[in-house]
1. Compute the angle between helix 120-129 and the longest alpha-carbon principal axis of the chain, please, reported from 0 to 90 degrees and rounded to the nearest 10.
2. Summing +1 for each Lys or Arg and -1 for each Asp or Glu, what net charge is found among the other residues whose Cβ lies under 10 Å from the Cβ of Ile133?
3. Given an 8 Å cut-off on Cα distances and at least 6 residues of separation, report the relative contact order of the stretch 1-98 as a percent.
4. With a ≥ b ≥ c taken as the square roots of the eigenvalues of the C-alpha gyration tensor of the stretch 55-118, please select rounded if a/c is under 1.5 and otherwise prolate if a/b is larger than b/c or oblate if it is not?
5. Tell me, what is the FRET efficiency for Glu52 and Asp128 to the nearest 0.05, using R0 = 22 angstrom and their Cβ-Cβ distance as r?
6. With the other protein chains left in place, how much accessible area per residue, in square angstrom, belongs to the stretch 30-123 at a 1.4 angstrom probe?
7. Using a 1.4 angstrom probe on heavy atoms only, work out the carbon and sulfur share of the accessible area of the chain in %.
8. Any idea what the dipole of the stretch 1-125 comes to, in debye rounded to 20, about its Cα centre with Lys/Arg Cβ at +1 and Asp/Glu Cβ at -1?
Amino acid sequence: MGQSVVLYFSSTGHTQAIAERIAIATGSQLVAIHAQVHDTPTEDWRDQQNQEYHRTHVERVRPAIQAIDPAPIKAATTIYLGFPIWWATVPQEIETFLDSIDLVGKDVHPFCTSGETSIFEAVKQLRDGYPAIRWHSGRRFASSLTNQEIEDWAEED
Ligand SMILES: Cc1cc2nc3c(=O)[nH]c(=O)nc-3n(C[C@H](O)[C@H](O)[C@H](O)COP(=O)(O)O)c2cc1C
């Protein structure tokens, strides 16, 4: 098996906690994606009216992210890509990242945390936006996940 990397974006730490566990369970290097300006909305995300940030999400405006060392990502054959669900899909920072590096030829396993929404729409958006990437089925993880669940998912096609 080749090298693997867990890449994640996390605003309030939930996805980070899962990403750390996936990195340990799969023996992967852990790499964080950070927004250059931490402008995550603090308003109630369910209140979709009058939210400037929600507009940028709908329009898929790409916010700048901090520089990431591409070497471990280029060397990896498997990527676990984690994010919180924002308004039913991926945070724009994930797309900024995907625009910045070529993951074609790698196996990419998306995972998320969320209040309740499934990963379905997010994976559809990723597949539609980046069709050349080998996307595997995504998984929403609850904080109660077991290491066995992680291992079963990582081995799945
Ligand atoms: C801007 C924004 C939009 C969100 N949209 C959803 C949503 O559509 N469905 C949902 O179940 N949770 C939604 N949430 C909740 C987050 O997905 C959830 O709290 C997640 O675990 C946060 O992960 P993090 O701590 O790694 O940032 C939203 C949170 C934010 C900040």
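The values are calculated or read from the model by the stated rules, or taken from the named source; none is laboratory data. Given the structure is predicted, the values throughout are model-derived calculations rather than measurements. Here the Cβ is made from the backbone with ideal geometry for all residues, glycine too, and neighbour counts use every protein chain on show. Just so you know, the surface numbers come from the protein's heavy atoms only, side chains and all, with ligands and any DNA or RNA stripped out. Shrake-Rupley method; radii C 1.70, N 1.55, O 1.52, S 1.80 Å.
1. 80
2. +1
3. The normalised contact order for the stretch 1-98 reaches 41 percent.
4. Here the stretch 55-118 falls in the oblate category.
5. Given R0 = 22 Å and the Cβ-Cβ separation, E is 0.30.
6. 49
7. 49
8. Charge dipole of the stretch 1-125: 360 debye, to the nearest 20.
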